[in-house]
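S.K.: Dropping the structure in here first, questions after.
The values are calculated or read from the model by the stated rules, or taken from the named source; none is laboratory data. This structure is a prediction, so every number in the text was calculated from the model and none was measured. A quick note on method: Cβ atoms are made from the backbone with ideal geometry, for glycine too, and the neighbour counts reach across all protein chains shown.
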Amino acid sequence: MLSQHPIIECGIKLLQEGELKIGWVDHFGEALAEACSLLDVNIDAPLRICALQSVFQDAQEIPPKWFKPSELNSGVICTPELEKEPDISSFFHSHIFDSPNGLVALERYGTFVATSASSSIPLYDLFTSLAALYDCFRLSKEMQPCLLVGCDFSGIQETVYTITSKGALKTLRARSFMLEMLCEHIIHEILTVAGSKRHAVVYSGGGGFSLLLPNNAEVFSKVSAYSKILDKWVLDEFEGRLFIALDIIPFGKEAFHSDVTFKKLRQTQSDNLDRLKRRKFIDQLATLFTPSMPKQLKAGTECQITRRDDLSDASMYDIQEPNRYRCMSSVPVDKREDDEYLWVSESCYHQFMLGDKLIDAEYVWRYTSGIDRSKNELRGTLVFPGFEGQNVYYTFSEVVDVIPEAKWAINAWNQENVLLYANYVRKHGDLSAYAQKCELDSLKKNGRTAEIGHTATFEGLASSSCGADLIGALRMDVDNLGNLFGGICNISQLSARSRMLNLFFKVYLNQLCCDRDTDILNKAEAKERAWGKPGRNVSIIYAGGDDLFIVGAWDDTLELSFDIQKAFKNFTYGRPESDGGISGGLTLHLPRFPLYQMARLSAEAEAYAKNDDDGDGVQQKNRISLFYDHSKLHRMRRLSHIDKSRYMLSMEWKIADVFLLPLMQVYRRCSSVSQEESERKRMAVDKFSFGAIEKWFAVIEKYQLSKQLYLPTMARVMRGIEREFDDSEADLFKELVKYLYTAEKGKGDWISHFHIALNWLAYLRRTS
């Protein structure tokens, strides 16, 4: 194992032996004793390893649930599900020193166990916080020995989601990953100049990070200077859409003496970052206000992905043929608008090439020289500015005869650095034979083709749906995130909660996409390859921090939303109901609909779910808005003067659990689904006609206008449907009646959400 920080080695020893005896801090001096005091670690008693309970539990009246002691594994979702505290006596790892890096080993084995200092803080987060504080008190000679470095990205939505439809899916995934890697790059640069390691990272994710570093004038000045370098680079690269705010606050031990002072410190940095974002590019005003003419004067020669027209001919490249690295300046002026070429900026070119590489990437290498991006294997390389303004390169294949400066393993704890990344994506070869044919036919119209390992296109994903050939766009976001972090009392708890959220959204989400918990059509049990290879026909565009954006076959995307909510609820066990959970919005689109518009409308649906109410004027979160579009919104608004609650655009997850999903299962039992690999899939309802669905829609309209007519009207409709059920299916008909024809108290609001089930059913039945 590589030489490690001495406090990290103590954490490793605790994992190996199960206990650190009294006096284990003595030879580290006052610096560690002070750090232990600030993190409530009792140094007058042995420090023992123990089971970990939910890190999100605030409400003490709720009985705790415990994690099963286990190592961190990207393919296994761990949740606090044990009712009794488990025996941890066998969870000691004598082979940890076989790992290449002690900090990575500590995270791998110390994430789902705690210590006797606190059963709700993982061992890993406690010891990384101790190590960071120990460095501050030991290395700094300042009166205020600590530096809190905060970073926040502003304009992520405008940077990622404003591209056009040219190569949109793979480019957007690469663009969101580029921002993830940029955040990691800045962390690496700051830690390097400060002479620190990754134990100093308090949190990283959601377009920002926080570091705890020893205070000295050199670090302060270099980070400030680097902020100016980033300003200039970001303005040039993203035309002012993206801004990176960096703030540094010196502070002393008193900030940890009470919850109030610690919260005040965090709030001060948050205010500072907001102030910087309001005054962004203040040092670049001369550049911003200097008039300039576009360099690309024709629509065919501007960047076809971002529509930038300010780049020179030498900065424009053709992506029409992946094996070519053709610069616009090498093509005669009168030929540049020919269909043979598709011009994009150099950065967009490499992002486009990166899109397919991200599918199977296992490592990221960092180089500071010796890189030639024109080489085929290095197309897709990311370039960021270093501390001295020099180029730093990140590749996804190792460069021969060039020594890498650092290496990251993606979602694997086997290298010096770990990069968490939500990398689930559907490939062309994963689709059914029918969907592959539809995808190839669509690509051939544009003179393109697809290989087995290429990212599936919108046409391929839409053709993988059952019924309507539509794309589902899903946005989800954690509710009341401020409340989740507002009550945090120390830096190790802040580290634990933010890291766990990252683990869920960046790692566990991949596994949720692979599985099928919600499976209305029983795809998991269908004949082999009927729906393509195992896993959902979706691709993650972005996930991290506390939100996500996923596109894919509309029915798979829809079912996935329920799996995510259920898993998130279990993972964050103990979070007070008043803080909500997670809300989402799903919209449906034709495959050729612009991706940035999908993102905008699904975000609108998500926002509506977060601000909806049941007609009482009180906003209620923890909801999902399904099949949202403006026509439904206008319909609801027209009815709001009568009673808004009669037509709900979003529903609480608990209503979905007791009404929507069980009703869809009943509909499935009334139907049959084609399972042939070479044909499109649709659900044929055997027990009632499409006319019956129209009659149910009519029931909704009657209910909206006159609530008293609901039961009599439904009774007439159900009598007509009953004739299609024979005596052996009497129980099935009773199940249908139970969900549609009820006067039971507490179920009266089901009819307000009935249109969601009917739309679901109608889309499954469509033939195109």
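S.K.: Of everything in region 497-538, what is surrounded by 23 or more Cβ atoms within 10 Å (Cβ to Cβ), part of a strand (DSSP E or B) and at pLDDT below 95? Give them in sequence order.
M.R.: Gly532, the sole residue that qualifies.
S.K.: Applying the selection to region 182-195, what residues are modelled with pLDDT under 95 and crowded, with 20+ Cβ neighbours inside 10 Å?
M.R.: Across region 182-195, the qualifying residue is only Ala194.
S.K.: Identify, from the list Glu107, Glu81, the residue that is surrounded by fewer than 17 Cβ atoms within 10 Å (Cβ to Cβ) and either under 21 Å from Leu503 (Cα atoms) or modelled with pLDDT of 95 or more (or both).
M.R.: Selected residue: Glu81, the only one of Glu107, Glu81 that is surrounded by fewer than 17 Cβ atoms within 10 Å (Cβ to Cβ) and either under 21 Å from Leu503 (Cα atoms) or modelled with pLDDT of 95 or more (or both).
S.K.: Here's another thing I want to ask about it. Scanning for something more than 28 Å from Gln53 (Cβ to Cβ) and in contact with an Asp or Glu (Cβ under 6 Å, 6 or more places away or on another chain), does region 102-120 turn up at least one residue?
M.R.: Scanning region 102-120 turns up no residue that is more than 28 Å from Gln53 (Cβ to Cβ) and in contact with an Asp or Glu (Cβ under 6 Å, 6 or more places away or on another chain).
S.K.: Mind listing just one residue for me: the one in region 355-393 that is touching a residue at least 60 places away in the same chain (Cβ under 8 Å) and acidic (Asp, Glu) and, of those, nearest to Ala168 (Cα to Cα)?
M.R.: So, considering only residues that are touching a residue at least 60 places away in the same chain (Cβ under 8 Å) and acidic (Asp, Glu), the one nearest to Ala168 (Cα to Cα) is Asp356.
S.K.: From the list Ser210, Ser227, Ser221, which one is at pLDDT 95 or above and outside the structural domain of Cys348 (by TED's automatic domain parsing)?
M.R.: Testing whether each residue is at pLDDT 95 or above and outside the structural domain of Cys348 (by TED's automatic domain parsing) leaves just Ser210.
S.K.: Further, regarding this structure: Would you check if Gly75 is assigned to a loop (DSSP other than H, G, I, E, B) and in contact with a helix residue (DSSP H, G or I) (Cβ under 8 Å, 6 or more places away or on another chain)?
M.R.: Yes: the conditions hold for Gly75.
Yes/no per residue for (1) under 27 Å from Thr268 (Cβ atoms); (2) in a strand (DSSP E or B); (3) assigned by TED's automatic domain parsing to the domain that holds Tyr367; (4) under 28 Å from the mean Cα position of the chain (by Cα):
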site	(1), (2), (3), (4)
Ile121	yes, yes, no, yes
Gln144	yes, no, no, no
Val149	yes, yes, no, yes
Asp152	yes, yes, no, yes
Lys170	no, no, no, yes
Ser176	no, no, no, yes
Leu179	yes, no, no, yes
Leu182	yes, no, no, yes
Ile187	yes, no, no, yes
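S.K.: How many of the residues making up region 446-491 are part of a helix (DSSP H, G or I), among the hydroxyl-bearing types (Ser, Thr, Tyr) and more than 28 Å from Leu342 (Cα to Cα)?
M.R.: Matching residues across region 446-491 total 0.
S.K.: Please enumerate the residues belonging to region 275-313 that are basic (Lys, Arg), out of contact with any strand residue (DSSP E or B) (no Cβ under 6 Å at 6 or more places or on another chain) and more than 30 Å from Asp338 (Cα to Cα).
M.R.: Residues satisfying the conditions are Arg275, Arg278, Arg279.
S.K.: Now a separate question. Can you pull out the residues in region 544-561 that are charged (D, E, K, R) and closer than 13 Å to Ile582 by Cβ?
M.R.: Across region 544-561, the qualifying residues are Asp546, Asp547.
S.K.: Among the residues in region 493-503, are any closer than 24 Å to Arg592 by Cβ and among the basic types (Lys, Arg)?
M.R.: No, because not a single residue in region 493-503 is closer than 24 Å to Arg592 by Cβ and among the basic types (Lys, Arg).
S.K.: Check off (1) part of a loop (DSSP other than H, G, I, E, B); (2) surrounded by fewer than 17 Cβ atoms within 10 Å (Cβ to Cβ) for Pro64 and give me the number that stays unchecked.
M.R.: It fails just one condition, (2).
S.K.: Considering Ala105, Ala35, Ala31, which residue is touching a Lys or Arg at 6+ places or on another chain (Cβ under 9 Å) and outside the structural domain of Ile410 (by TED's automatic domain parsing)?
M.R.: Result of the check over Ala105, Ala35, Ala31: Ala31.
S.K.: How many of the residues in region 226-254 are without any contact (Cβ under 8 Å) to a residue 24 or more places away in the chain and more than 24 Å from the chain's Cα centre (by Cα)?
M.R.: 3
S.K.: Of the residues Lys335, Lys277, which is under 24 Å from Tyr596 (Cβ atoms) and modelled with pLDDT of 90 or more?
M.R.: Result: Lys277 is the single residue among Lys335, Lys277 that is under 24 Å from Tyr596 (Cβ atoms) and modelled with pLDDT of 90 or more.
S.K.: Please find, within region 592-626, the residue that is modelled with the highest pLDDT out of those that are part of a helix (DSSP H, G or I) and of a type in the set (S, T, N, Q).
M.R.: Ser602
S.K.: Looking at Leu38, Leu72, can you tell me which residue is farther than 24 Å from Gln511 by Cα and out of contact with any strand residue (DSSP E or B) (no Cβ under 7 Å at 6 or more places or on another chain)?
M.R.: Only one candidate passes the filter, namely Leu38.
S.K.: Pairs under 7 Å by beta carbon, first residue farther than 13 Å from Phe549 by Cβ in region 598-614, partner at pLDDT 90 or above and acidic (Asp, Glu), six or more apart or different chains?
M.R.: Pairs found: Lys610/Asp479.
S.K.: When Pro46 is evaluated against the numbered criteria (1) within 30 Å of Ala255 (Cβ to Cβ); (2) crowded, with 18+ Cβ neighbours inside 10 Å, which criterion, by number, is the only one it fails?
M.R.: (2)
S.K.: Residues Met718, Met683: which one is at pLDDT 85 or above, closer than 17 Å to Ala757 by Cα and surrounded by 12 or more Cβ atoms within 10 Å (Cβ to Cβ)?
M.R.: Met683
S.K.: Of the residues Lys264, Lys280, Lys253, which is outside the structural domain of Asn391 (by TED's automatic domain parsing), basic (Lys, Arg) and farther than 19 Å from Leu147 by Cα?
M.R.: Among Lys264, Lys280, Lys253, only Lys280 is outside the structural domain of Asn391 (by TED's automatic domain parsing), basic (Lys, Arg) and farther than 19 Å from Leu147 by Cα.
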